[in-house]
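Just below is one structure, and these are the notes that go with it.
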Amino acid sequence: MNFFDRVYEAVRRIPCGKVATYGQIARLCGAPRASRAVGYALHVNPMPGVIPCHRVVNREGRLAPAFAFGGPAVQRDLLAAESVESYERDGLFYVDLDRYLWTP
């Protein structure tokens, strides 16, 4: 199984109503320093409706400023539909990791 496949498998495990960080996914894939590669894998997600890449945020809880499937407002709305609340700060959206972080 290649790295991207491991990323997609890990992201599929994130439950509805929770988020994970890029670094967390990288660690689950056995490559703890590959956070950016996780981001790229999600940017080219071959199955956006099946692989819930909208559930992955940065280490501060920030949503992707250029969410690949429609922008940060789309990611915010997808998370809101799963009862994950976000807030805006300085034009960017964040989720509270203390409340929503998935712990596998």
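Readers should treat all values here as calculations from the given coordinates under stated rules, not as data from a laboratory. For clarity, every value in this text was computed on a predicted model and none was experimentally measured. Every residue, glycine as well, gets a Cβ built from its backbone with ideal geometry; the counts of neighbours run over all protein chains shown.
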>> Given contacts defined as C-alpha pairs under 8 Å and at least six residues apart, what's the relative contact order of the stretch 3-100, whole-number percent?
In response: 26 percent
>> Skipping prolines and chain starts, which residues have an amide H placed within reach, meaning under 5 Å, of the one on R62, given they are 5 or more residues away or on another chain?
In response: V95
>> Restricting to DSSP H runs of at least four residues, report the calculated mean residue ellipticity at 222 nm for the chain, -39500 (n - 2.57) per run over all residues, nearest 500 deg cm²/dmol.
In response: -10000 deg cm²/dmol
> Mind checking the dipole of the chain: about its Cα centre, +1 per Lys or Arg Cβ, -1 per Asp or Glu Cβ, Debye to the nearest 20?
Replying inline: 380 debye
> So, how do all the Cα-to-Cα distances of the stretch 1-95 break down into 10 Å bins, in percent, from 0 on up?
Replying inline: 17, 55, 25, 2
> Residues with amide H under 5 Å of V57's amide H, sequence separation 5 or more or different chain, H placed in the peptide plane at 1.01 Å from N; which?
Replying inline: A20, T21, Y22
>> What FRET efficiency comes out for A31 versus E60 if R0 is 22 angstrom and r is the Cβ-Cβ distance? Round to the nearest 0.05.
In response: 0.60
